[in-house]
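S.K.: A single structure is presented below for examination.
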Amino acid sequence: MLALVMALVVTGCASDAPQSALDPAGPFARSLHNLFIPVVWVATAVFVVVEGVIVYAVIKWRRRADDDGEVLPAQMHGNTKLEIGWTILPALVLGLVAIFTIPVIFELNAKPADALQVSVAGQKYWWGYTYGTQPQFGITQANGIVTANELHIPAGQTVNLTLTSTDVIHSFWAPRLNGKRDVVPGRSHNWLLEADQPGVYAGQCAEFCGTSHANMLLKVVAHDPVGWTDWVEQMQREPLEPVSGAAARGFALFAQKGCSGCHQVDGSYEMVAPDSPSAPNLTHLFSRDCFAGCIYDLNDRNEMEAWLRNPQRKAGSLMVVGALTEDEIDDLYAYLETLE
Ligand code: CUA
């Protein structure tokens, strides 16, 4: 019993947990939190009253030592007043909860026209983000901005996500910024995010989607105005093709080894094979801190080299690459590093 209680208490508590819905960091998460707390108290009150009555009844009318079972207590059937009471009371409690809930449902399902619009594609096992051209947010490039795993947003501004899936059902969840929203193939769901302050907010896929469901993490990076302008500027910078050395050899290998069949690099490798599995756009790969569903640190060269040796180190990864020599891996890395 002690072990069970300890397990529950210990797994439920972490003062510095990065993904706590109990520590909201934006207006939508706060609305949910403000709804959650009173409902928890109402539920707690109901629990205490119901359990209290049960415990009282169990103790007061327990079988006594001198009860030989010969004499039955007075038999009764039904109690209209009580039955009406315990039908109406829960209905009133649920009605009260609904009064608080309904405005939040509308708030979370709004589609503010002045919000930053981002399309999110959930797929095995990573997140793709497409920002259409939006001059009011500095995005002027005709094909917008395409990135993966790390969702960049301006702090203090509402972001309207349009969620779709290319394969199975996923669920987008950045707990400190909003609740979960299912990401369903063939459908398009709306979801809002907003962070009060600049910062990095952890999240993950919250719907079991296959082998690497647990490896389908995400990050929301909220910028101050200067940081946002810098990021947008960096993402719209034309990448340069390397002309000499290891990076140039890596650039050639990127096509020879089939990388360009799935991974797009704007300006260099634009044509992915029509039947290729979806793969992150690598145009500004090194503007990110993590890769492969955000489970590996992009700033750790060993992680990237290990990935190129064997993409199956992340179970269920759709990436296929033939055996590469260590020299080829070094060259490919040298090229990828230029994509910033
Ligand atoms: Cu995607 Cu779980």
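S.K.: Scanning for something surrounded by fewer than 10 Cβ atoms within 10 Å (Cβ to Cβ), modelled with pLDDT under 90 and either closer than 19 Å to Lys180 by Cβ or not hydrophobic (A, V, I, L, M, F, W, C) (or both), does segment 20-33 turn up at least one residue?
M.R.: no
S.K.: So, Lys180, is that one within 17 Å of the chain's Cα centre (by Cα), more than 25 Å from Ala21 (Cβ to Cβ) and within 15 Å of the ligand (Cβ to nearest atom) or not?
M.R.: Against the criterion (within 17 Å of the chain's Cα centre (by Cα), more than 25 Å from Ala21 (Cβ to Cβ) and within 15 Å of the ligand (Cβ to nearest atom)), Lys180 does not qualify.
S.K.: Continuing with the same structure: Among the residues of segment 209-260, write down those that are more than 16 Å from the ligand (Cβ to nearest atom), of a type outside the set (D, E, K, R), in contact (Cβ under 8 Å) with a residue 24 or more places away in the chain and under 20 Å from Asn310 (Cα atoms).
M.R.: Gly250, Phe251, Leu253, Phe254, Gly258, Cys259
S.K.: Here's something else I'd like to know. Just checking, which of Ala306, Ala255, Ala292, Ala315 is buried (at least 20 other Cβ atoms within 10 Å of the Cβ) and not assigned by TED's automatic domain parsing to the domain that holds Ala148?
M.R.: That would be Ala292, the only listed residue that is buried (at least 20 other Cβ atoms within 10 Å of the Cβ) and not assigned by TED's automatic domain parsing to the domain that holds Ala148.
S.K.: Kindly check whether there is at least one residue in segment 23-42 that is outside any helix (DSSP H, G or I), closer than 30 Å to Leu192 by Cβ and of a type in the set (Gly, Ala, Ser).
M.R.: There is at least one residue in segment 23-42 that is outside any helix (DSSP H, G or I), closer than 30 Å to Leu192 by Cβ and of a type in the set (Gly, Ala, Ser).
S.K.: From Gly203, Gly199, which residue is at positive phi and either surrounded by fewer than 16 Cβ atoms within 10 Å (Cβ to Cβ) or out of contact with any Ser or Thr (no Cβ under 7 Å at 6 or more places or on another chain) (or both)?
M.R.: The match here is Gly199.
S.K.: Let me ask another. Restricting to segment 78-102, name every residue that is surrounded by 10 or more Cβ atoms within 10 Å (Cβ to Cβ) and not in a helix (DSSP H, G or I).
M.R.: Listed by number, the list holds a single entry, Asn79.
S.K.: Could you list, in sequence order, all residues of segment 103-149 that are within 16 Å of the ligand (Cβ to nearest atom) and either not charged (D, E, K, R) or not in a loop (DSSP other than H, G, I, E, B) (or both)?
M.R.: Val120, Ala121, Gly122, Gln123, Tyr125, Trp126, Trp127, Gly128, Tyr129, Ala148, Asn149
S.K.: Among the residues in segment 257-276, are any part of a helix (DSSP H, G or I) and either aliphatic (A, V, I, L, M) or out of contact with any helix residue (DSSP H, G or I) (no Cβ under 7 Å at 6 or more places or on another chain) (or both)?
M.R.: Checking segment 257-276: at least one residue is part of a helix (DSSP H, G or I) and either aliphatic (A, V, I, L, M) or out of contact with any helix residue (DSSP H, G or I) (no Cβ under 7 Å at 6 or more places or on another chain) (or both).
S.K.: Separate question: Surrounded by 10 or more Cβ atoms within 10 Å (Cβ to Cβ), over 35 Å from the mean Cα position of the chain (by Cα) and farther than 30 Å from Val220 by Cβ: does that describe Val58?
M.R.: Spelling it out, it is not the case that Val58 is surrounded by 10 or more Cβ atoms within 10 Å (Cβ to Cβ), over 35 Å from the mean Cα position of the chain (by Cα) and farther than 30 Å from Val220 by Cβ.
S.K.: Based on this model, can you work out whether Ala206 counts as of a type in the set (A, V, I, L, M), more than 16 Å from Glu340 (Cα to Cα) and within 16 Å of the ligand (Cβ to nearest atom)?
M.R.: The answer is yes for Ala206.
The values are calculated or read from the model by the stated rules, or taken from the named source; none is laboratory data. Computed from a predicted model, the values in this text were never measured in an experiment. Backbone-built Cβ (ideal geometry, glycine too); neighbour counts: all protein chains shown.
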